[in-house]
1. Could you tell me the distance between the Cα centroids of the range 288-343 and the range 45-69, to the nearest Å?
2. Can you list residues from other chains, or at least 5 along the same chain, whose modelled amide H is less than 5 Å from the amide H of Val59?
3. Mind checking the full-extension length gain between Glu486 and Asp387? Use 0.36 nm per residue of separation minus the Cα-Cα distance, one decimal, nm.
4. What's the whole-number percent of alpha carbon pairs in the range 1-153 lying beyond 26 angstrom?
5. For the residue pair Glu365 and Thr4, what label-to-label distance in nm results when each label sits 7 Å from Cα along the Cα-to-beta-carbon direction?
6. Tell me the label-point distance for the pair Asn113, Asn520, using the 7 Å Cα-to-Cβ offset, in nm and rounded to one decimal.
7. Can you sort Glu508, Glu555, Glu206 by 1.4 Å-probe accessible area, starting with the largest?
8. Just in the range 265-334: which chymotrypsin sites (Phe, Trp or Tyr not before Pro) are loop by DSSP and have at most 15 other Cβ atoms within 10 Å?
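The values are calculated or read from the model by the stated rules, or taken from the named source; none is laboratory data. From a predicted model like this one, the values you see are computed outputs, not experimental measurements. No Cβ is skipped: glycine too gets one built from the backbone with ideal geometry, and neighbour counts run over all protein chains shown. With ligands, DNA and RNA removed, areas are computed over all heavy atoms of the protein, side chains included. Shrake-Rupley method; radii C 1.70, N 1.55, O 1.52, S 1.80 Å.
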Amino acid sequence: MYFTTKESFLNYLADRGFLDSSAIKDLLEQQEPIDYMIRTGIMPEDKLMAIYKDVLKNVASNITIKDINKDVLNTFPQSFVLNNRLIPYKFDRNTNSLHILTYIPYINVGLTNTIKFMFKNANNIIFQYAKPSTVKNLLSSIYIDSNKEDLNINVNVESQENKHLIYSSDIISMGGTPTDAVSWVNYILFMAFQKNTSDIHIEPTEEDLVVRFRVDGVLEVFKRLSVSLKESIVSRIKIMANLDISEKRKPQDGKIKLFIDDKRLEIRVSTVSTVFGEKIVMRVQIPENLLNRKLEDAGFEDFELEKINRAISKPYGMILVTGPTGSGKTSTLYAMLQKINSPEINIMTAEDPVEVNVPGINQVEMDEKAGKTFANTLRAFLRQDPDVILVGEIRDAETVDIAVRAALTGHLVLSTLHTNDAPSTITRLQDLGITGFLLSSSLLLISAQRLVRKLCNQCKIGRPPTELEIEQFNLHDVDILYDANENGCDHCNYKGYKGRTVITELMEITEDIKLAIQQNRPISEIREIAISHGMKPLFESGLLKVRKGITSIAEVRRVALEI
């Protein structure tokens with residue numbers, strides 16, 4: 001028997017009396033049900049292995065570190081191996097079969113195809129199953145304990161100092177009252193993860209140390225700690241991020257690789273000296289979320305998806321995603337890349353920094369000290385036979401000039417820019433020295449986007465629209481509007497909102513707009529042409545979500561200006 005989904009395996013266990021069917025729903029909400037069942041005692045390892053032997057047959061209990069072929073393993077990124085809990089360890093050239101050790105009993109077709117894409121010679125994938133503890137110990141030996149004499153594997157090893165593990169059981173046992181800097185930092189990181197926090201701010205004041213979380217785009221105070229903890233907490237975070245703890249005046253940047261239970265996080269750390277000490281901001285990123293991001297899940301309307309899909313299917317031209325920091329630009333670009341990623345095309349990205357390693361894509365991280373600027377890297381890309389190029393951000397005239405010329409010479413170029421709306425992006429590019437003719441010839445699509453909070457479906461409050469709202473927002477056909485419940489509920493952590501969705505001013509560069517750009521028409525005129533061709537201004541895009549009960553007028557007003 002072969003399982004392709006978590007649900008099919010759990011249903012099999014329930015049908016045969018190994019599992020209470022009422023537990024399936026809760027288990028499906030876990031990141032990895034197998035780990036959860038073992039950790040909580042629902043399914044001991046020995047019982048699980050007995051089921052594997054009976055059902056999956058292909059059980060391997062004697063694989064050791066010496067059985068792992070370094071050339072086979074090195075074909076796969078470390079993040080891919082860890083995130084999917086599998087170890088490619090042997091390739092049989094006689095049968096063109098790749099052997100993979102894992103403890104996950106459900107393997108979907110997409111993962112199998114990705115493995116075949118990454119290991120070109122494999123016509124057949126053979127999954128072999130072992131105890132979770134066996135697989136985890138092997139992964140630990142490969143990627144952490146790099147000093148073992150019997151470990152002869154050339155991989156990108158994360159040192160013990162730069163890879164940290166936090167277990168929920170340890171946090172729960174604290175009872176919410178850490179006693180030292182290490183446990184406080186672990187507690188803060190764990191709670192940030194639990195609350196789906198995008199940024200953690202640790203701010204010294206004269207009287208205390210304030211910890212704030214940015215959740216769904218809004219900062220909130222999480223804790224106020226004793227000022228006596230200030231130095232030790234800052235030092236602990238610096239050590240985790242491999243920063244210089246003796247340097248307290250100059251800004252520093254670093255990264256923490258973190259596992260919370262079985263979930264991988266990457267945390268970008270930035271320090272800056274203030275009047276009362278060093279402030280730290282940590283950007284929390286979950287690589288798996290970016291890898292699994294789809295355009296259809298971001299919140300784009302159907303007519304917007306049509307325009308985006310039309311643009312990314314073009315063989316050449318430029319697509320720009322604009323907006324302030326935290327508006328989802330990177331997520332949108334990664335979703336576009338995921339949509340077009342295939343073995344038939346060469347995709348190259350220049351990023352600062354690389355957000356997540358994507359199988360099948362050639363990614364380069366910028367390093368100005370080493371001469372790896374966006375401009376220099378783009379020049380090198382053009383000698384690498386690329387089909388698609390992603391530029392993390394257009395910052396200067398040199399970069400935009402090369403990007404535009406790449407778009408004009410047979411390459412699809414994707415990038416970001418900091419502008420308030422779609423039409424003003426044209427002005428910004430002209431200010432950087434690009435002529436109207438080059439712009440009109442290279443641009444395909446501009447998406448100026450924001451993220452708005454979604455109303456909690458469990459506690460949102462419905463009401464009829466007021467007469468003023470009906471007239472002001474043209475809601476004559478709307479019978480009910482929804483507002484956030486000020487008191488919230490358990491589901492939304494008493495905020496009234498849960499999660500975010502995208503609103504966008506999506507300007508497709510039509511022939512009329514090309515002509516207007518060539519003739520240097522005013523931006524106000526270009527905006528009118530774009531609207532007549534179906535572009536929704538940001539506020540109107542937000543109203544589409546209001547009509548559907550996804551968000552509130554108050555939230556759209558907070559994020560987007562009325563025009």
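1. Each part reduced to its Cα centre gives a spacing of 40 Å.
2. Hits under the 5 Å cutoff: Tyr129.
3. 30.7 nm
4. Details: 3216 of 11628 pairs.
So the pairs more than 26 Å apart make up 28 percent of the total in the range 1-153.
5. Going by the 7 Å Cα→Cβ label model, 3.7 nm.
6. Label-label distance for Asn113 and Asn520, simple model: 4.9 nm.
7. Working: Glu508 45, Glu555 0, Glu206 140 Å².
Final ranking, largest accessible area leading: Glu206, Glu508, Glu555.
8. Values: sites: Phe276, Phe300, Phe303, Tyr316, Tyr334; in loops: Phe276, Phe300, Tyr316.
Sites meeting the loop and neighbour criteria: Phe276.
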